[in-house]
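First comes the structure, then the notes that go with it.
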Amino acid sequence: MKEDTFFKLGKKIDGSRIKSDEMMAGHTTFRVGGPVSCFIEVCDTPELLYCLKVLRENDERFFLLGNGSNLLVHDEGYEGCILKLSGSFSDITIKPAEDPGYYVVSAGAAASLINVSIKSANEALTGLEFASGIPGTVGGAMVMNAGAYGGEMKDVVKTVTLLDINTGDICTRTAEEMGFGYRDSIIRHNDLIVLRADFLLKKGDRDSIWEKIEELKEKRVSKQPLEYPSAGSTFKRPEGYFAGKLIEDSGLKGYSVGGACVSEKHCGFVINKGGATAADIITLIGDVQRIVKEKQGVMLEPEVIIL
């Protein structure tokens, strides 16, 4: 990255929040990834707008980082700028909705989806129980219409506040206008950044809500390899199939490349069993795709984003 870019960014962003050669292994749940040219912690919308303006003017690449729970960064790192939202982007507020018995839970893009779910449960608001174990941020959840155990963001989102990267315009879109699909939204096909999302939740019974959350927690612990670094489900669910079953039926349970391994507990998860590199994981993903295609006739599509 050009020195002039660093200089301009430092005019508005505190120097302690701008780092060079930051290792991305510390910012992804896979615990792998090389150095990034510039890593910036952005605390509010004016700072974000300023960073985008500087990066555009200096023709610098950038990537917006959430919780790194669905991201795999190459060992060589990333020649560009990583923007990580924090500060006011982590705020969560709750207020009554217009309809009696309903509340609007408003959360910034950097807010933990788990925290939003727990805070809602503490207020006896039902609807986000399914998200209580999804380790991403609200922003990432909007991008991919995150879901689990039969629930998806499209079921509970009221509106999403978006920033147009190219123009700097801010707009609000309803759930219907978000184009939510399976691990998809309009954000994936346009130059947009999530600033905030509003969820419409109904008042419920606190004990029943927490009972559901505990039930889903037990399912995750018993069926998912949570004891190892991973990015959750590595592959999207092919229509009419389950990725994990296709992988297991192809004889790939426990298949490994270096420190990367197909989980024996749940074949839909690629895990870092210890000392894995991004290259190990990428090679393993490619092997799984090829072998499943050969044996099952289905091409698996990775859910994880490779940077």
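The values are calculated or read from the model by the stated rules, or taken from the named source; none is laboratory data. Bear in mind that the values here come from a model prediction, so they are computed numbers and not experimental data. Note that we place each Cβ from the backbone using ideal geometry, even for glycine, and neighbour counts take in every protein chain shown.
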Report task. Could you tell me which of the residues V194, V160 is in contact with a Lys or Arg (Cβ under 6 Å, 6 or more places away or on another chain), part of a strand (DSSP E or B), among the aliphatic types (A, V, I, L, M) and modelled with pLDDT of 95 or more? Result -> V160
Report task. Examine the stretch 62-73 for a residue that is assigned by TED's automatic domain parsing to the domain that holds E152 and among the aromatic types (F, W, Y), and state whether such a residue exists. Result -> no
Query raised in the report: Got a number for residues in the stretch 13-51 being touching a Gly at 6+ places or on another chain (Cβ under 7 Å), outside any strand (DSSP E or B) and within 11 Å of L83 (Cα to Cα)?
Result: 1
Report task. Might you check whether a residue that is within 20 Å of the chain's Cα centre (by Cα), without any contact (Cβ under 8 Å) to a residue 60 or more places away in the chain, closer than 26 Å to G275 by Cα and surrounded by fewer than 19 Cβ atoms within 10 Å (Cβ to Cβ) occurs anywhere in the stretch 48-71? Result -> no
Requested in this report: For V143, state whether it is crowded, with 17+ Cβ neighbours inside 10 Å, in the same structural domain as A107 (by TED's automatic domain parsing) and assigned to a strand (DSSP E or B).
Outcome: no
Report task. Tell me, yes or no, whether the stretch 237-252 has at least one residue that is buried (at least 18 other Cβ atoms within 10 Å of the Cβ), assigned by TED's automatic domain parsing to the domain that holds L300 and touching a Phe, Trp or Tyr at 6+ places or on another chain (Cβ under 7 Å). Result -> yes
Requested in this report: Give the number of residues within the stretch 2-12 that are crowded, with 17+ Cβ neighbours inside 10 Å and either of a type in the set (S, T, Y) or part of a loop (DSSP other than H, G, I, E, B) (or both).
Outcome: 1
